[in-house]
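J.: Right, I'll just put the structure down here and ask away after.
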There are 2 protein chains.
Amino acid sequence: MKYAILFGANSYEHEISIVSAITLKNVINEEKIYIFCDKDREFYLIDEEKLKAKYFSSFEYKKAQKLILKKGGFYQKLLLKEKKIEFDLIVNLIHGKDGEDGTIPSLLDFFNINYIGPRTEGSVISFNKEFTKLYAKSKNVETLPYQVLNKNFKQTIDFDFPIIIKPLRLGSSIGLSVVKKNSELEYALDVAYEFDDDILIEPFYDNIKEYNLAGIKSKDGFIFSMIEEPRKESILDFDKKYLDFSRSEGANKADLSKELKKRIQNNFKNIYGTLFEGAIIRCDFFYKDDKIYLNEINPIPGSLANYLFDDFNDILSMISLNLPKQRKIDIDYKYINSINAVKCK
Amino acid sequence: MKYAILFGANSYEHEISIVSAITLKNVINEEKIYIFCDKDREFYLIDEEKLKAKYFSSFEYKKAQKLILKKGGFYQKLLLKEKKIEFDLIVNLIHGKDGEDGTIPSLLDFFNINYIGPRTEGSVISFNKEFTKLYAKSKNVETLPYQVLNKNFKQTIDFDFPIIIKPLRLGSSIGLSVVKKNSELEYALDVAYEFDDDILIEPFYDNIKEYNLAGIKSKDGFIFSMIEEPRKESILDFDKKYLDFSRSEGANKADLSKELKKRIQNNFKNIYGTLFEGAIIRCDFFYKDDKIYLNEINPIPGSLANYLFDDFNDILSMISLNLPKQRKIDIDYKYINSINAVKCK
């Protein structure tokens, strides 16, 4: 299997995506190539030995081979023709906007390119934190109470402090604040609104447990990672989470009863359902008063949560064998032909 | 304003889209061009005088000018360079898959092309009938009780007959059946599963009223169409609805109290929210025992529901002035530059 790691794009998490790609360079054993989407959404074929953060931040990547995305794949423009770049599967490693909001999956589906990653529907459901909650509820998975505010409408906050404020459509803790008293509120709202016109407000529990579980659905059923209890210093801010995206080891395995582990896995199964087929996702759960709550779905977790799996290369190859297929629609113009006489002469 | 009508694509509603485009040819007064996406997802520039159903069903369109979709627009390939096709705005008129499932909006957003039509989020929410219900509930709009079944899981049906069975992700009544007794069930399930692996089941009420309302959000607020009470013969099947897509007149104005009209409009406003900004949508409501229920959201209704508006050209130009803008994300590599020293040497 030859993978093409797709990363970058026009996203607040652009830089994290670069870090994810660099991390996976040393994790994935199979043959692989790297396709970078820059902030202007131009594609470049990146040499493996040049795959270092500075190569991008210095804009040196602009000297790399430009690629064209069109039907069937990515192409390199030669003088008189176009040469197709050879690979078997895209690994969508674009975090946040473009990658996780449904845009990249739509492009890859439209142009008939096979890929590992969430499809458009699952992307939209996981990217918008309110949709995640509505979806979770429909699958009998609990989430914390919440409120959505919009920049353009004045509304009062329903919860007592402390609360947590997040942009509605971002991952990676960007724009997130814990607000403990009224005097901190205005600034926190400003920060969150900088990233989205809609924000999500939830009560903040200092004493809540966090459990992260990644997994896939293979041909033979679900395969789960270990369950991690992330080390937290109050709450991960962007800088800390940024480093987190480059992890290839060092997960803190949660010490759980067999029964609780099973319950968390069942919640994961309900969320994954058929919606996330083809993707390696990580679900972050809360645990409080013996209740499990879904916090968020990461359909493209940092460095694909490789550090949670015993054998990540095995996971990659198993998900490769269970990718959803697009429904083939045959159009025979039966209706037009039959109705033509009536309407369209 | 010069519009580019985009129609066709790989969808069960491909043919309806052609009919919609033909209908709008005579409705839209402004300058316009026609871009056809065929079932293989190749784009063609179609001459207005050739825009007849038979031109497509006979595959004659293959002789038309092929276009390339890429950054900034659609291009025509010349011997040594590419020529950009000039227009101001795409009108997304692709019904069903590709057009209404988020794919085309994602492509247009990614390639920075302005368009009238739902964005990716609104598309996914309206295309999947369960997501529509979850979303409606979150906006305090009622829907009928339902059940979702999947092809691969045996489940019993919770409702008494008669029930209505629909593929979860289709519009246009394709694959839809009303089942009045057990002996009709198996065939109806087979039909629906032909179009989607998931199906939606709802109770069927023969005596329910139907009210359709289209509208937009302009810079100055909502503008509504008349409310139509569609003429129904039991339920529209695909052939009848197909003809319905070519309508440019003849709406049956519902005879409603001022108060009920207002209530329906308020439900529409709640659904439209910010999610459907940029789109001319039609919401189809049920009315029973003085309660209003959302049946479905058509984010790209047949022939854009032009026949419901007094002055459709005015609606088009007003929505053109209130299209949502993509958030501009500036990437300055601040994090990489600051963390570089620690991690990426």
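J.: Using beta carbons and a limit of 7 Å, which pairs, at least six apart or on different chains, have the first residue in the stretch B:277-290 and assigned by TED's automatic domain parsing to the domain that holds B:N212 and the second one of a type in the set (D, E) and open to solvent by less than 50 Å² (accessible area, probe 1.4 Å)?
T.: B:D284/B:E210; B:D284/B:E296; B:F286/B:E210
J.: May I pose another question? Only one of B:K262, B:K241, B:K180 is out of contact with any strand residue (DSSP E or B) (no Cβ under 8 Å at 6 or more places or on another chain), at pLDDT 90 or above and under 27 Å from B:V148 (Cα atoms). Can you tell me which?
T.: Values: B:K262 fails: under 27 Å from B:V148 (Cα atoms); B:K241 fails: at pLDDT 90 or above.
Result: B:K180 is the single residue among B:K262, B:K241, B:K180 that is out of contact with any strand residue (DSSP E or B) (no Cβ under 8 Å at 6 or more places or on another chain), at pLDDT 90 or above and under 27 Å from B:V148 (Cα atoms).
J.: Which of the residues spanning the stretch A:156-168 are without any contact (Cβ under 8 Å) to a residue 12 or more places away in the chain and either within 14 Å of chain B (Cβ to nearest Cβ) or part of a strand (DSSP E or B) (or both)?
T.: Answer for the stretch A:156-168, where residues must be without any contact (Cβ under 8 Å) to a residue 12 or more places away in the chain and either within 14 Å of chain B (Cβ to nearest Cβ) or part of a strand (DSSP E or B) (or both): there is none.
J.: So A:E186 passes all but one of these: (1) free of Cβ contacts under 8 Å to residues at least 12 places away in the same chain; (2) within 20 Å of A:N128 (Cβ to Cβ). Which condition number does it fail?
T.: Single failed check for A:E186: (2).
J.: Spot the failing condition for A:F153; the list is (1) within 12 Å of chain B (Cβ to nearest Cβ); (2) assigned to a loop (DSSP other than H, G, I, E, B); (3) under 30 Å from A:N322 (Cα atoms), and only one is missed.
T.: So the condition that A:F153 fails would be (3).
J.: Please go through the stretch A:174-212 and pick out each residue that is surrounded by 20 or more Cβ atoms within 10 Å (Cβ to Cβ) and polar (S, T, N, Q).
T.: Passing the criteria: A:S177, A:N212.
J.: For the stretch A:15-57, what are the residues that are β-branched (V, I, T) and under 20 Å from the mean Cα position of the chain (by Cα)?
T.: From the stretch A:15-57, those β-branched (V, I, T) are A:16, A:18-19, A:22-23, A:27-28, A:33, A:35, A:46; that's our starting set.
Answer for the stretch A:15-57, where residues must be β-branched (V, I, T) and under 20 Å from the mean Cα position of the chain (by Cα): A:I16, A:I18, A:V19, A:I22, A:T23, A:V27, A:I28, A:I35.
J.: For the stretch B:203-215, what are the residues that are touching a Ser or Thr at 6+ places or on another chain (Cβ under 9 Å) and assigned to a strand (DSSP E or B)?
T.: The answer is B:N212, B:L213, B:A214, B:G215.
J.: If you take the residues of the stretch B:272-304 that are out of contact with any Gly (no Cβ under 9 Å at 6 or more places or on another chain) and hydrophobic (A, V, I, L, M, F, W, C), which of them is farthest from B:Y211 (Cα to Cα)?
T.: B:L304
J.: Right, here's the next one. Of the residues that sit in the stretch A:9-27 and are open to solvent by 10 Å² or more (accessible area, probe 1.4 Å) and among the hydroxyl-bearing types (S, T, Y), which one is farthest from the other protein chains (Cβ to nearest Cβ)?
T.: Within the stretch A:9-27, the match that is farthest from the other protein chains (Cβ to nearest Cβ) is A:T23.
J.: If the Cβ limit is 6 Å and pairs must be 6+ apart or interchain, which residue in the stretch B:124-145 that is more than 9 Å from every other protein chain (Cβ to nearest Cβ) pairs with which residue that is part of a helix (DSSP H, G or I) and of a type in the set (K, R)?
T.: What qualifies is B:T143/B:K133.
J.: Give the stretch B:213-228 a look and list any residue that's over 18 Å from the mean Cα position of the chain (by Cα), aliphatic (A, V, I, L, M) and open to solvent by less than 50 Å² (accessible area, probe 1.4 Å), or say none.
T.: Listed by number, the residues that qualify are B:I223, B:I227.
J.: Within the stretch A:323-337, can one find any residue that is without any contact (Cβ under 8 Å) to a residue 40 or more places away in the chain, surrounded by fewer than 23 Cβ atoms within 10 Å (Cβ to Cβ) and of a type in the set (S, T, Y)? Give the derivation first.
T.: First, the residues of the stretch A:323-337 that are without any contact (Cβ under 8 Å) to a residue 40 or more places away in the chain: A:325, A:327-337.
Filter once more, keeping what is surrounded by fewer than 23 Cβ atoms within 10 Å (Cβ to Cβ): A:325, A:327-335, A:337.
This time we only want the ones that are of a type in the set (S, T, Y), so: A:333, A:335.
Checked against the condition, which is being without any contact (Cβ under 8 Å) to a residue 40 or more places away in the chain, surrounded by fewer than 23 Cβ atoms within 10 Å (Cβ to Cβ) and of a type in the set (S, T, Y), the stretch A:323-337 yields at least one hit.
J.: Taking the condition of being closer than 11 Å to A:I104 by Cα and among the hydrophobic types (A, V, I, L, M, F, W, C), how many residues in the stretch B:107-127 meet it?
T.: Within the stretch B:107-127, residues that are closer than 11 Å to A:I104 by Cα and among the hydrophobic types (A, V, I, L, M, F, W, C) number 2.
J.: Have a look at B:L6, B:L78 and point out the one that is of a type outside the set (D, E, K, R), modelled with pLDDT under 95 and at negative phi.
T.: Only one candidate qualifies: B:L78.
J.: Where residues in the stretch A:56-79 are facing chain B (nearest Cβ under 10 Å) and either closer than 21 Å to B:K70 by Cα or touching a helix residue (DSSP H, G or I) at 6+ places or on another chain (Cβ under 6 Å) (or both), which of them is surrounded by the fewest Cβ atoms within 10 Å (Cβ to Cβ)?
T.: Among residues in the stretch A:56-79 that are facing chain B (nearest Cβ under 10 Å) and either closer than 21 Å to B:K70 by Cα or touching a helix residue (DSSP H, G or I) at 6+ places or on another chain (Cβ under 6 Å) (or both), the one surrounded by the fewest Cβ atoms within 10 Å (Cβ to Cβ) is A:K71.
J.: When you go through (1) out of contact with any helix residue (DSSP H, G or I) (no Cβ under 7 Å at 6 or more places or on another chain); (2) closer than 22 Å to A:D98 by Cα one by one for A:Q155, which number turns out not to apply?
T.: Condition (2) is where A:Q155 drops out.
J.: Can you name every residue in the stretch A:1-21 that is of a type outside the set (G, A, S) and farther than 21 Å from A:I174 by Cα?
T.: If the condition is that a residue be of a type outside the set (G, A, S) and farther than 21 Å from A:I174 by Cα, then A:M1, A:K2, A:Y3, A:I5, A:L6 are the ones that fit.
J.: What tally of residues in the stretch B:80-102 results from selecting those that are under 17 Å from the mean Cα position of the chain (by Cα) and either more than 10 Å from chain A (Cβ to nearest Cβ) or open to solvent by 10 Å² or more (accessible area, probe 1.4 Å) (or both)? So that I can check it myself, show each step before the final result.
T.: Narrowing the stretch B:80-102 to residues under 17 Å from the mean Cα position of the chain (by Cα): B:90-102.
Adding the requirement that they be either more than 10 Å from chain A (Cβ to nearest Cβ) or open to solvent by 10 Å² or more (accessible area, probe 1.4 Å) (or both) leaves B:90-95, B:97, B:99-101.
Matching residues across the stretch B:80-102 total 10.
J.: Any idea which residue in the stretch A:301-322 is nearest to A:G171 (Cα to Cα), counting only those that are within 14 Å of chain B (Cβ to nearest Cβ) and part of a helix (DSSP H, G or I)?
T.: Of everything passing the filter in the stretch A:301-322, A:G302 is nearest to A:G171 (Cα to Cα).
J.: Being out of contact with any Asp or Glu (no Cβ under 7 Å at 6 or more places or on another chain), within 24 Å of B:L107 (Cα to Cα) and modelled with pLDDT of 95 or more narrows it down to one residue among A:I104, A:I90; which is it?
T.: That would be A:I90, the only listed residue that is out of contact with any Asp or Glu (no Cβ under 7 Å at 6 or more places or on another chain), within 24 Å of B:L107 (Cα to Cα) and modelled with pLDDT of 95 or more.
J.: For the condition within 14 Å of chain A (Cβ to nearest Cβ) and out of contact with any Asp or Glu (no Cβ under 8 Å at 6 or more places or on another chain), what is the one hit in B:K325, B:K288?
T.: One residue alone meets the criteria, B:K325.
J.: Let me ask something else. Of these, B:K133, B:K166, B:K137, which one is in contact with a Ser or Thr (Cβ under 9 Å, 6 or more places away or on another chain), at pLDDT 95 or above, outside the structural domain of B:I18 (by TED's automatic domain parsing) and surrounded by fewer than 18 Cβ atoms within 10 Å (Cβ to Cβ)?
T.: Sole residue among the options that is in contact with a Ser or Thr (Cβ under 9 Å, 6 or more places away or on another chain), at pLDDT 95 or above, outside the structural domain of B:I18 (by TED's automatic domain parsing) and surrounded by fewer than 18 Cβ atoms within 10 Å (Cβ to Cβ): B:K137.
J.: Also, I was wondering about something else. Would you pick out the residues in the stretch A:28-41 that are under 23 Å from A:P105 (Cβ atoms) and surrounded by fewer than 16 Cβ atoms within 10 Å (Cβ to Cβ)?
T.: Filtering the stretch A:28-41 for residues under 23 Å from A:P105 (Cβ atoms) gives A:28, A:30, A:32-41.
Those that are under 23 Å from A:P105 (Cβ atoms) and surrounded by fewer than 16 Cβ atoms within 10 Å (Cβ to Cβ): A:E30, A:D40.
J.: Could you look through the stretch B:114-123, keep only residues that are more than 8 Å from chain A (Cβ to nearest Cβ) and open to solvent by 10 Å² or more (accessible area, probe 1.4 Å), and pick out the one that is farthest from B:Y272 (Cα to Cα)?
T.: B:N114
The values are calculated or read from the model by the stated rules, or taken from the named source; none is laboratory data. As the structure is a prediction and not an experimental result, all values here were calculated from the model. Please note: Cβ atoms are built from the backbone with ideal geometry, for glycine as well, and neighbour counts cover all protein chains shown. These area figures cover heavy atoms from the full protein model, side chains too; ligands, DNA and RNA do not enter into them. Shrake-Rupley method; radii C 1.70, N 1.55, O 1.52, S 1.80 Å.
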